[in-house]
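The values are calculated or read from the model by the stated rules, or taken from the named source; none is laboratory data. Remember, predicted model here, so these are calculated numbers, not experimental data. Here the Cβ is made from the backbone with ideal geometry for all residues, glycine too, and neighbour counts use every protein chain on show. Just so you know, the surface numbers come from the protein's heavy atoms only, side chains and all, with ligands and any DNA or RNA stripped out. Shrake-Rupley method; radii C 1.70, N 1.55, O 1.52, S 1.80 Å.
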Amino acid sequence: MTAKRHTLVHWFRKGLRVHDNPALAQVFDVARASAEQYQVRPIFILDPGILDWMQVGANRWRFLQQTLWDLDQQLRALNSRLYVVRGKPVDVFPQLFERWHVQLLTYETDIEPYAVQRDTAVQKLAAERGVKVDTHCSHTIYNPEVVIARNLGKAPITYQKFLGIVEKLKLPKVLTKPEKLPQGMQPSEDALEAADAHVYDCPTLEQLVKRPDELGINKFPGGETEALRRMEASLSNEHWVANFEKPNTAPNSLEPSTTVLSPYLKFGCLSARLLYDRLREILARQPKHSKPPVSLVGQLLWREFYYTVGAAEPNFDRMLGNSYCMQIAWQEQPEHLKAWTHGHTGYPFIDAIMRQLRQEGWIHHLARHAVACFLTRGDLWISWEEGQRVFEQLLLDQDWALNAGNWMWLSASAFFHQYFRVYSPVAFGKKTDPTGEYIRKYVPELAKYPAGCIFEPWKATLSAQRDYGCVLGVDYPHRIVNHDIVHKENIKRMSAAYKVNREVRTGKQEDDYDDEDDKPPQKSTGKRKAASRTTGGTAKRRR
């Protein structure tokens, strides 16, 4: 009887958890209802089409490996396990459908263009073989397709308009983890397992991390267990939750001043719907609390916003062909890009951020603002697409829609248009770390520099530099540009670019601007130029 049972397959992609996973719950529910008819195989496919060895940094490979191992443990506690299959989905699914006598395939939907194309192909293969496919939207709180439909078939391009739409939508029910499968429902051994009992095992760290020398400190272990622990720890202080405002947190604190739940949301180790539900419960008990966009709820809704606008634009991660994005003549400057990427710009605050990113796989959101502005419109005039690629490789929480959306925002290419507000690579960091301890940690060459010049080491005399044990041009690079000069030139460049783009921007999208801060300036005036806030100021509606 066991050999004749049909297989129910849940395909993990994101959503690497057992709690609040409706696609997984469906498979478990069907199996429990007809234990003699079905067996369950939850799978994860190591797909070289997505998991490009050259585009994923070692820290994120480690996070994924730990996440898969933890997921396997969670499933084993439910009398199941994780089956890791190697290959491209379009190649392996026809074999799995036949080998396992698959009757149902479930998975969580994804908006990324590659995933949409892949899933369409898999659905066609399933239909040809009589396999039913059911999908569920659970990586976001709200279904992007529903939000777009409510906005007359187009994505809302301002955060405020997005909020106005979703506040009228019904919130989905948050699910607990599935009940255990009955004993004896484990799948019968297939031909591959008979030949190799470990054929579907989770990959080891050595198998995934091809460049172990690039691994940094493991500050944020992967997996659902750690995600739930971290969420509980973050939400334990309800007063902190109620008063949280992102602009008032420190981008350069020695330990994170925010929750660092973003990597767990990216991989789906933590349900965004569960986190949103818990936050709403806490705020209901706190009559005075911060509001979006700066609150914790507001941060989650930024994620929802970018997923929605990204779902409507397949070219969301590039400038050309992107209906949201300003067309700007960025320059190719490979040496400056290399210096920025590896933290050798000569600006200690910028370099410390980029080195923390490379070592730990995470940096504060406002630190991302600083280095993104520096690379693009602030100092180096290099395309946001180049920065996006570096973040794609190094960030644990790299997420297609959020990464592209934030880079467009910070380069003033889309969504944010006050290009004359520029982050200072000196003064911005001083506000929250006046003594420069963050720089001393991540740029140890400058550890002996006093607070008075650690943010601007070029102000130290050569004699003083020798006394501090770090001579510019020898032990630490000279600054590659002079911010005081180049940011003013770049404001002029942005003004010219806006003039070229203005007709199409205003002609097609002016009706969507519902906030004065979101409107592109009609002209660049002397007053605005003077108000560029280059001594540490940020945009009025800071993210």
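Does ARG285 satisfy being open to solvent by 20 Å² or more (accessible area, probe 1.4 Å) and either in contact with a helix residue (DSSP H, G or I) (Cβ under 7 Å, 6 or more places away or on another chain) or over 30 Å from ALA242 (Cα atoms) (or both)? Steps first, answer last, please.
Numbers: open to solvent by 20 Å² or more (accessible area, probe 1.4 Å): yes; either in contact with a helix residue (DSSP H, G or I) (Cβ under 7 Å, 6 or more places away or on another chain) or over 30 Å from ALA242 (Cα atoms) (or both): yes.
Yes, satisfied.
Considering (1) open to solvent by 30 Å² or more (accessible area, probe 1.4 Å); (2) within 28 Å of ARG41 (Cβ to Cβ); (3) more than 18 Å from the chain's Cα centre (by Cα); (4) at pLDDT 95 or above, say which one SER188 fails and leave the rest.
Going through (1) open to solvent by 30 Å² or more (accessible area, probe 1.4 Å); (2) within 28 Å of ARG41 (Cβ to Cβ); (3) more than 18 Å from the chain's Cα centre (by Cα); (4) at pLDDT 95 or above one by one, SER188 breaks only (4).
Which of the residues belonging to the range 370-404 are touching an Asp or Glu at 6+ places or on another chain (Cβ under 9 Å) and of a type in the set (Gly, Ala, Ser)?
SER383, ALA401, ALA404
Assess whether ARG318 counts as being open to solvent by 10 Å² or more (accessible area, probe 1.4 Å), in a helix (DSSP H, G or I) and more than 20 Å from THR158 (Cβ to Cβ).
Working: open to solvent by 10 Å² or more (accessible area, probe 1.4 Å): yes; in a helix (DSSP H, G or I): no; more than 20 Å from THR158 (Cβ to Cβ): yes.
No: the conditions fail for ARG318.
Of the residues in the range 209-228, how many are open to solvent by 20 Å² or more (accessible area, probe 1.4 Å), within 20 Å of the chain's Cα centre (by Cα) and of a type in the set (D, E, K, R)?
2
Quick one: count up the residues across the range 1-23 that are of a type outside the set (Ser, Thr, Tyr) and out of contact with any helix residue (DSSP H, G or I) (no Cβ under 9 Å at 6 or more places or on another chain).
Taking the range 1-23 and keeping what is of a type outside the set (Ser, Thr, Tyr), we get 1, 3-6, 8-23.
Right, trim to out of contact with any helix residue (DSSP H, G or I) (no Cβ under 9 Å at 6 or more places or on another chain) and you get 1, 3-6, 21-23.
Counting residues in the range 1-23 that are of a type outside the set (Ser, Thr, Tyr) and out of contact with any helix residue (DSSP H, G or I) (no Cβ under 9 Å at 6 or more places or on another chain) gives 8.
Could you please find all residues in the range 269-292 being among the charged types (D, E, K, R) and touching a residue at least 12 places away in the same chain (Cβ under 8 Å)?
Within the range 269-292, ARG273, ASP277, ARG278, ARG280, ARG285, LYS288 qualify.
Given the criterion of a type in the set (Lys, Arg) and modelled with pLDDT of 95 or more, identify the matching residue among LYS459, LYS508. Break it down stepwise before answering.
Values: LYS508 fails: modelled with pLDDT of 95 or more.
The match here is LYS459.
When the range 168-185 is examined, which residues are found to be more than 17 Å from ARG273 (Cβ to Cβ) and either crowded, with 16+ Cβ neighbours inside 10 Å or aromatic (Phe, Trp, Tyr) (or both)? Outline the logic, then answer.
Quick first cut of the range 168-185, residues more than 17 Å from ARG273 (Cβ to Cβ) only: 168, 179-185.
Passing the criteria: LEU181, MET185.
Of all residues in the range 252-300, count the ones that are closer than 17 Å to PHE220 by Cα, in contact with a Leu (Cβ under 7 Å, 6 or more places away or on another chain) and not in a helix (DSSP H, G or I).
5
Just one of the numbered conditions (1) within 30 Å of ILE363 (Cα to Cα); (2) crowded, with 18+ Cβ neighbours inside 10 Å is not true of GLU206; which one?
Answer for GLU206: the failing condition is (2).
Enumerate the pairs (first residue in the range 347-360 and of a type in the set (S, T, N, Q); second residue anywhere and not in a helix (DSSP H, G or I)) with beta-carbon separation below 8 Å, excluding pairs fewer than 6 apart on the same chain, so at least 6 apart or on different chains.
GLN356/TRP362; GLN356/ILE363; GLN359/GLY216; GLN359/ILE217
Under 6 Å between Cβ atoms, which residue pairs at least 6 apart in sequence (or on different chains) link something in the range 76-89 that is at positive phi with a partner that is part of a loop (DSSP other than H, G, I, E, B)?
Sorted first by the residue in the range 76-89, then by its partner, the pairs are ASN79/LYS180; ASN79/LEU181.
Take the range 391-445 and flag every residue that is of a type in the set (Val, Ile, Thr), closer than 22 Å to VAL486 by Cβ and either open to solvent by less than 10 Å² (accessible area, probe 1.4 Å) or part of a helix (DSSP H, G or I) (or both). Lay out the reasoning, then the answer.
Initially, the range 391-445 is screened for residues of a type in the set (Val, Ile, Thr), giving 422, 426, 432, 435, 439, 443.
In the following step, the residues that additionally are closer than 22 Å to VAL486 by Cβ were identified as 422, 426, 439, 443.
VAL422, ILE439, VAL443, listed by residue number.
Hey, any hits in the range 16-38 for a residue that's modelled with pLDDT under 95, surrounded by fewer than 22 Cβ atoms within 10 Å (Cβ to Cβ), on the phi < 0 side of the Ramachandran plot and within 21 Å of the chain's Cα centre (by Cα)?
Looking through the range 16-38, none of the residues is modelled with pLDDT under 95, surrounded by fewer than 22 Cβ atoms within 10 Å (Cβ to Cβ), on the phi < 0 side of the Ramachandran plot and within 21 Å of the chain's Cα centre (by Cα).
Being closer than 23 Å to ALA367 by Cβ, of a type in the set (D, E, K, R), touching a residue at least 60 places away in the same chain (Cβ under 8 Å) and in contact with a helix residue (DSSP H, G or I) (Cβ under 7 Å, 6 or more places away or on another chain): is that true of GLU224 here? Steps first, answer last, please.
Details: closer than 23 Å to ALA367 by Cβ: no; of a type in the set (D, E, K, R): yes; touching a residue at least 60 places away in the same chain (Cβ under 8 Å): yes; in contact with a helix residue (DSSP H, G or I) (Cβ under 7 Å, 6 or more places away or on another chain): yes.
The answer is no for GLU224.
Can you name the residue in the range 446-467 that is open to solvent by 60 Å² or more (accessible area, probe 1.4 Å) and in a helix (DSSP H, G or I) and is also nearest to LEU337 (Cα to Cα) among such residues?
We begin by selecting, within the range 446-467, every residue open to solvent by 60 Å² or more (accessible area, probe 1.4 Å); these are 448, 452, 458-459, 461-463, 466-467.
Next cut, in a helix (DSSP H, G or I) only: 458-459, 462-463, 466-467.
Working: TRP458: 21, LYS459: 24, LEU462: 27, SER463: 31, ARG466: 29, ASP467: 31 Å.
Out of the qualifying residues, it is TRP458.
Here are some residues: LEU46, LEU96, LEU8. Which one is aliphatic (A, V, I, L, M) and under 17 Å from CYS202 (Cα atoms)?
Values: LEU96 fails: under 17 Å from CYS202 (Cα atoms); LEU8 fails: under 17 Å from CYS202 (Cα atoms).
Selected residue: LEU46, the only one of LEU46, LEU96, LEU8 that is aliphatic (A, V, I, L, M) and under 17 Å from CYS202 (Cα atoms).
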